[in-house]
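Worksheet for the structure shown next.
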Amino acid sequence: MGSVPAWARAYVAGVALLALACLAPLPHLGVPWEIVALLAVLYAGCERVTLPLRPHGAGTPGDTPQGMGTFLPVLLAGAFLLPPPAAALVALPGALLARVEQRPRGPRRIWRAAQLALSAWAASRVYGALGGRDALVTPDFPYALVPAGAAVLAFCAALTLLDGGILALAERAPVRGAWHGLFARSLAPVAVHGLAGLMMAVLWRSPYGPVAALLVLLPMYVSCWVFAQYHRERAAHQATIRALVQAVDIKDGYTRGHSERVGRASVMIARELGMHDERVEVLRFAGILHDVGKLGVPTRLLRKDGPLTPEERQIIELHPEYGHEMVRGIGFLGEARSAILHHHERLDGSGYPYGLAGPQIPEFARVVAVADAFDAMTSTRSYSRARPVPVALEELGRCAGTQFDPRMVAALARALDRHGWHPAVTADTAPSAVSGAPPTRPSGTVGRSAP
């Protein structure tokens, strides 16, 4: 557990002990062990074909968000059919034997097993307290939806509570924001899986028995396969973007890390504008890839310390068109392609490459232009010293309406006021920057990350 912070290790150990305490009453209960064994084996087998989800960070001891697996219906069926300690036991073999990609693997398996066991225990406890098990076998079946819904809420609440704690301790997320959005993100998928689990439980108690209940997993397996294909495609997209960004960073060492920060600032603006999550993700791609066209610009011009000649500037100003050509065939980028092409246009029509003005400039391009300029001004490079965030915002405000869209500038200011910003050095600091000498390479216009 060396790579896991001490407080996170203690937290994982405490959660594991609590899970063991939930299992303690098992010897004194009349547990239907045949059901426990079948569900545990079934869940362990299903875990071998599931694809972990990881929407927030990679550093937590559990590789999945709120501990969710694709075959969650098996765990919830256990919660509906079994007493709480037995329902908790169903999750343990599969979670402890599941494949884990990241190290340390042991703590991650223990965390996942304890998290799922406690969540299943909570769901079973709530379901039984509301009379759900009796509702499974009575004619008044629709009533079973009430305790089942309460069990789903309990399951989500347990996942959220535990996940927020590990995010705060292992990933050092701010305490006030560690739990933000976790419950809402898990509720819809857990509710869908909960309905499938309830269907399994009802069929299990019906005259058709466990065999009919297992048929419920067939469509779940199909959905798992589709889900896996989607995530493989998404991983390929991410790998493509990383390769392009790394190539730009290697070629233009002055702006190393700039692309990722422009993507982050673009997302902050998009959130303030209320964009849907799908567009926010595409806009992040646009910010990350906005300078990919520099791969077509001679390296000597990108790394030149002195002022650029007009001819050299004209060559560098071709990089938006180069970039657009490079990504033209990448379908998943969508609107991001227009941002790559037009992020150096100006609101007054004096930008490049086409001199678009006002609303002619695509919305994504106007967002990236502000994010690009902001990071350029707040990052230290070998030819330019970083400006404080308030000074950079003041400069953006001064140029709003001529170079930048005032709405985007205002959105960035609101986002920074709420979340802050942490500028970073993006290249080895040259002697001129250390000694206080003025930068040797002019930016041409406000906030240009590079000419």
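Is it fair to say LEU116 is over 25 Å from TRP7 (Cα atoms) and open to solvent by less than 20 Å² (accessible area, probe 1.4 Å)?
Criteria not met by LEU116.
Only helices (runs of 4 or more DSSP H) wholly contained in region 241-333 count here; list those with 3 or more residues that are farther than 19 Å from MET408 by Cα and open to solvent by less than 60 Å² (accessible area, probe 1.4 Å). Don't jump to the end; show me each part of the working.
On the way: elements: 258-273, 277-289, 299-302, 310-316, 319-327.
Fully inside region 241-333 and qualifying: 299-302, 310-316, 319-327.
Would it be correct to say that GLY397 is on the phi > 0 side of the Ramachandran plot and over 25 Å from the mean Cα position of the chain (by Cα)?
Working: on the phi > 0 side of the Ramachandran plot: no; over 25 Å from the mean Cα position of the chain (by Cα): yes.
So GLY397 does not fit the description; no.
Considering only residues that are surrounded by 12 or more Cβ atoms within 10 Å (Cβ to Cβ) and under 24 Å from GLU34 (Cα atoms), which ones fall in region 209-237?
PRO210, ALA212, ALA213, LEU214, LEU215, VAL216, LEU217, MET220, TYR221 - these are the residues of region 209-237 that are surrounded by 12 or more Cβ atoms within 10 Å (Cβ to Cβ) and under 24 Å from GLU34 (Cα atoms).
Looking at region 129-148 only, could you name the residues that are open to solvent by 30 Å² or more (accessible area, probe 1.4 Å) and either touching a residue at least 40 places away in the same chain (Cβ under 8 Å) or touching a His at 6+ places or on another chain (Cβ under 8 Å) (or both)?
Once the filter is applied, which keeps residues that are open to solvent by 30 Å² or more (accessible area, probe 1.4 Å) and either touching a residue at least 40 places away in the same chain (Cβ under 8 Å) or touching a His at 6+ places or on another chain (Cβ under 8 Å) (or both), region 129-148 yields ARG133, VAL137, PHE141, LEU145.
Give LEU187, LEU203 a once-over and let me know the one that is touching a Cys at 6+ places or on another chain (Cβ under 6 Å), touching a residue at least 12 places away in the same chain (Cβ under 8 Å) and crowded, with 16+ Cβ neighbours inside 10 Å.
LEU187
Which residue out of ALA235, ALA286, ALA270 is within 22 Å of ILE330 (Cβ to Cβ) and touching a Ser or Thr at 6+ places or on another chain (Cβ under 7 Å)?
Matching residue, one of ALA235, ALA286, ALA270: ALA286.
Could you look through region 366-393, keep only residues that are over 25 Å from ARG303 (Cα atoms) and modelled with pLDDT of 95 or more, and pick out the one that is most open to solvent (accessible area, probe 1.4 Å)?
ARG366
Can you name the residue in region 344-365 that is under 24 Å from the mean Cα position of the chain (by Cα) and crowded, with 23+ Cβ neighbours inside 10 Å and is also nearest to ARG271 (Cα to Cα) among such residues?
The qualifying residue nearest to ARG271 (Cα to Cα) is PHE364.
ALA228 - would you say it is of a type in the set (Gly, Ala, Ser) and modelled with pLDDT of 75 or more?
So ALA228 does not fit the description; no.
The values are calculated or read from the model by the stated rules, or taken from the named source; none is laboratory data. None of these values were measured; they are calculated from a predicted model. Note that each Cβ is placed from the backbone with ideal geometry, even for glycine, and that neighbours are counted across all protein chains shown. Only protein heavy atoms, including side chains, enter the accessible area calculation; ligands, DNA and RNA are left aside. Shrake-Rupley method; radii C 1.70, N 1.55, O 1.52, S 1.80 Å.
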